[in-house]
Amino acid sequence: MRMTMGRRAYASDVTDEQWSLLEPLIPVPSLEGRLPIYERREIVNAILYVLRSGCPWRLLPHEFPAWGTVYWYFRRWRREGVWDQILDALRRRVRERQGRDAEPSAAIIESQSIKTSAVRGPEKGYDMGKKSLGSQAPRARGYGISHLLAVKVTGAHRSEKPGRPSLVGTVEGGFSQDEAHVGR
């Protein structure tokens, strides 16, 4: 049985090799205030356990730090953009291992119609190509790979209005402030 941090390892725990990649991206504890009680690796392991298992934060196993502490770090790192930096670094690493440039130079835009019900009311759109009611879900991906760069979901009826910002910004420039997007 694999061991980590003085306990039996869960399948979601990071390995030593994985931690060597993540450690420089995780913020170091502040020297102001009290000393940290838990190691950053154990906080990351607890966050990954919740994300991989799908359990509620409050049902985090007792081997990990208190659920409130883990959740506090998760939210703080999300606000500070740490998770985006980690995903960007891992995406660049995967692209380099594939023999590609670290940053994509092009993106593919796809659109998927999603059937809607009458309950949604004015939020439903109309897909002219399929002649059906449904909203559009455009997606941008790096050319030739399936590593998600950005997602924006809009109703088809909204995307046809003049003066509306484009659905997807350039890969280098990203999205404008007024465009909603999820992930990177």
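The values are calculated or read from the model by the stated rules, or taken from the named source; none is laboratory data. The structure presented is a predicted model; accordingly, all values stated were derived computationally and were not measured. With ideal geometry, Cβ positions are generated from the backbone for all residues, glycine too; neighbour counts draw on all protein chains shown.
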Flag if A102 is of a type in the set (A, V, I, L, M), surrounded by 14 or more Cβ atoms within 10 Å (Cβ to Cβ) and either within 18 Å of T4 (Cβ to Cβ) or modelled with pLDDT under 95 (or both)
no
Under 7 Å between Cβ atoms, which residue pairs at least 6 apart in sequence (or on different chains) link something in the range 49-62 that is surrounded by fewer than 13 Cβ atoms within 10 Å (Cβ to Cβ) with a partner that is modelled with pLDDT of 95 or more?
R58/W67
Residues in the range 6-20 that are surrounded by 14 or more Cβ atoms within 10 Å (Cβ to Cβ) and either of a type outside the set (S, T, N, Q) or over 22 Å from the mean Cα position of the chain (by Cα) (or both): how many?
5
